[in-house]
Amino acid sequence: MSGTLRINTLGIAARTIIAPRLSRFHQAHPDVVLDIVVDDALADIVVGRFDAGIRVGNRLEKDMVAVRLTPDLDMVAVASPDYLSRRGTPKSPADLHKHACINWRLQMDGRRYRWEFRKRGQQLEVEVDGPVVTNHADIGIAAAVNGLGIAYHFERDGVGELLAQGRLVQVLADWSISRPGLFLYYPSRQHRPALLGAFIDCLLDRKPFDQL
């Protein structure tokens, strides 16, 4: 099997799903070139001539075949123990106005993300302020670890490990939300080539990609 496979993917999928499996896929398919574009701006994969894209389930384009890659994604508000010892722990989303928060810049339109929370049917969106605004998860998480403020990220994107290590502490746990999981998708009118099927098998840790 040979050829080029072009994938447009969110950063979280590139870091947590694709990167750990690159070597295994290459060993199984040494003549395949993976052309991976990391893009959080929701590019049109048809216009961009990509074979497939990876997005959170609620952001999928219409008329696409979707393959779930992960369970739903939990979002967690986190801060360092040092920050919480200095500034206290927020008890509700309204308390965030008294805190330094690490803002997330949405690449699709440049707006700042309004933090979304839900508890027992009550939904809130909070516009937060703080010393850092970024569109890169590594920067936002590092800012939180270093005590600059509270960050709000997907737990799967490296945050869970930092929580286990005690370098970050979750706050507002009873308010945090989940998002639909990560899905690989491709145009429904396009017959799925064997190459894309092998890549999907690899991402899902299925056996066939090792046997081809």
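Nothing in this text is a laboratory measurement; each read-out follows from the coordinates by a stated rule. As the structure is a prediction and not an experimental result, all values here were calculated from the model. Note: ideal-geometry Cβ built from the backbone for every residue, glycine included; neighbour counts use all protein chains shown.
Placing +1 on the Cβ of each Lys and Arg and -1 on the Cβ of each Asp and Glu in the stretch 73-179, which of N146, M108, L124 has its Cα farthest towards the positive end of the resulting dipole?
The one lying farthest along the dipole's positive direction is L124.
Restricting to Cα pairs below 8 Å that are 6+ residues apart, what does the relative contact order work out to for the stretch 73-179? Please round to a whole percent.
Numbers: 207 pairs, mean separation 49.8, N = 107.
Computed value for the stretch 73-179: 47 percent relative contact order.
Grab the Cα-Cα distance for L124 and S23, subtract it from 0.36 nm times how many residues apart they are, and report the gain in nm with one decimal.
32.1 nm
Taking amide H positions as placed 1.01 Å from N in the peptide plane, with prolines and chain starts having none, which residues 5 or more places from A100, or on another chain, fall under 5 Å of its amide H?
I150
Tally the DSSP beta bridges in the chain and give the antiparallel ones as a percent, rounded to 5. Display every interim value, and only then the final one.
Numbers: 24 of 38 bridges.
Of the beta bridges lying entirely in the chain, close to 65 percent run antiparallel.
Give, in whole angstrom and from largest to smallest, the semi-axes √(5λ) of the equivalent ellipsoid of the stretch 34-77, with λ running over the eigenvalues of the Cα gyration tensor.
The answer is 21, 13, 11 Å, longest axis first.
Here are several values of log10 I(q)/I(0) by the Debye sum over Cα atoms at q = 0.10, 0.11, 0.19 Å⁻¹: [x] -0.50, -0.59, -1.30; [y] -0.42, -0.51, -1.41; [z] -0.56, -0.63, -1.22. Which one was derived from the coordinates shown?
Only one listed value fits the structure, namely [x].
Hey, got the dipole for the chain? About the Cα centre, +1 on K and R Cβ, -1 on D and E Cβ, debye to the nearest 20?
For the chain, the charge dipole is close to 320 debye.
Where both residues lie in the stretch 73-179, what percent of DSSP beta bridges are antiparallel, nearest 5?
That works out to approximately 80 percent antiparallel.
What is the fewest-to-most order of I200, I141 by other Cβ atoms lying within 10 Å of their Cβ?
I200, I141
Where does each of H99, H136 land when they are ranked from fewest to most other beta-carbon atoms within 10 angstrom?
The fewest-first ordering by Cβ neighbours comes to H136, H99.
Could you tell me the center-to-center distance, by alpha carbons, between the stretch 80-147 and the stretch 20-48 in angstrom?
When both Cα centres are located, 31 Å separates them.
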